[in-house]
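Engineer: I am attaching a structure below and will ask some questions about it afterwards.
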Amino acid sequence: MIRSSKTLNWYAAITLLTFTPVTFMFIYNGWQGRLVFIESYPPISGMIIMTSMLIMLVLPKRHTKFGALFWALNVLPVLHYLLLHPAELHTSRGYDLLFLFGTASLFIVAIIPYQQNIKQQLDDIFYDLMRYKMHADRDFLTDIYNRRGLHSWLNRNNQTDTIGLVLLDVDYFKNINDRFGHATGDQVLVEIASRLRTVYRDNHCLVRWGGEEFLLVITNPSAATLNKLANDCHLVFGQVPFRTVGKVTTSIGVSRIASITAFDHVIEEADQALYHAKESGRDKIIAFSDIQQSLTMKMRQLLIVD
């Protein structure tokens, strides 16, 4: 909703200067007999009604007087002119103007007492929609982004940016649920999200990717920054035990750095790296580039043997 008094003042000035001089010019020339008012008056009645309604319904209560003044300056002269010129009133255009302005006048007079209540309801609807949208982008348990929120975040960034991914999985999380219960497991996930929030401060997106999988996406990283971030994520769990369940370890997969438009490709890389980290003993960090180097070395060894 509009809040700035300066903006409202400009809006008031532009509105008055747009419609009022036109109305007065045609009314004055009609009284002087220089033109037939109903044949010359431009088709702005709809705009006048819509603008008045917006002023009454959207702007704060203190601007109701401005809405009433705008309506009086643009509508009352037209109604007064038509009522004193029956020859012009009893025409199709005359009846149209009388019906539009007359009916709208009654409606506006009727809504003025309820204007603040209507505006409050519109504000409530607006803020509810914003809150629902925000909640739709958030994981209900950890209050970090979900996959939908990540998609929105990616679209808001510059599409020429590059990204790097750190995909993290809690080791043996099923054992935590089985031993301590699902409520405790949920508490662990909440604390994991809380700890991950402290790891990196620049432009990034923290996502609950799956049940016990978390994803960090950072923009325009260097290789050193991406590797340090992965190490920091690993250390933030290994160094300080969790109060309810003791030590929790994580397996981490790190993607290569690629264009933000290649997200689907780099998440597959991070997932492959995470899979290797879990298959090779867990509680470790594997980068996708390390997998490629390992495959390259094996290929060379096979070629040498052959």
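The values are calculated or read from the model by the stated rules, or taken from the named source; none is laboratory data. Since this is a predicted model, take the numbers as computed values, not measurements. All Cβ positions, glycine included, derive from the backbone under ideal geometry; neighbour counts span all protein chains shown. SASA here: full protein model, heavy atoms, side chains in, ligands and nucleic acids out. Shrake-Rupley method; radii C 1.70, N 1.55, O 1.52, S 1.80 Å.
Engineer: May I ask you to give the percent of accessible area on the stretch 141-241 that is carbon plus sulfur, with a probe radius of 1.4 Å? It would help to have the intermediate numbers written out before the result.
Structural biologist: On the way: 2370 of 4860 Å².
The C+S portion of the solvent-accessible surface of the stretch 141-241 is 49 percent.
Engineer: Now, a different point. Treat each spin label as a single point 7 Å out from the Cα along the C-beta direction, and report the Asp161 to Leu76 distance in nm.
Structural biologist: With each label point 7 Å from Cα toward Cβ, the separation is 5.5 nm.
Engineer: Would you mind calculating the gained length between Leu83 and Arg243 on full extension (0.36 nm times residue separation, minus the Cα-Cα distance), in nm to one decimal?
Structural biologist: Working: separation 160, 0.36 × 160 = 57.60 nm, distance 8.24 nm.
Length gained between Leu83 and Arg243: 49.4 nm.
Engineer: Determine which aspartates and glutamates satisfy two conditions relative to Lys247: a Cα distance under 14 Å, and not lying fewer than 8 residues away in the same chain.
Structural biologist: Candidates past the 8-residue exclusion: Asp171, Glu191, Asp283.
Engineer: Largest first, what is the accessible-area ranking of Trp10, Trp209, Trp71 with a 1.4 Å probe? Provide the component values of the computation, followed by the final result.
Structural biologist: Details: Trp10 155, Trp209 40, Trp71 20 Å².
Putting Trp10, Trp209, Trp71 in descending order of accessible area: Trp10, Trp209, Trp71.
Engineer: Show me the three semi-axes of the equivalent ellipsoid for the stretch 157-306, from the C-alpha gyration tensor (sqrt of 5 times each eigenvalue), largest first, rounded to whole Å.
Structural biologist: Numbers: eigenvalues 157, 88, 30 Å².
Sorted largest first and rounded, they come to 28, 21, 12 Å.
Engineer: Taking the alpha-carbon distance from Lys174 and a cut-off under 12 Å, which aspartates and glutamates remain once sequence neighbours fewer than 8 residues away in the same chain are dropped?
Structural biologist: Within reach: Asp186, Glu212.
Engineer: Moving on. If you count only protein heavy atoms and use a 1.4 Å probe, how large is the accessible surface of Tyr127, to the nearest 10 Å²?
Structural biologist: The accessible area comes out at roughly 110 Å².
Engineer: Let me ask something additional. Mean separation of Cα pairs under 8 Å and 6+ residues apart, divided by the residue count of the stretch 202-295: what relative contact order is that in percent? Don't jump to the answer; show the numbers that get you there.
Structural biologist: Details: 116 pairs, mean separation 20.2, N = 94.
Relative contact order, the stretch 202-295: 21 percent.
Engineer: Report the Cα centroid-to-centroid distance between the stretch 23-53 and the stretch 157-189 in angstrom, as an integer.
Structural biologist: Value for the Cα centre distance between the two parts: 67 Å.
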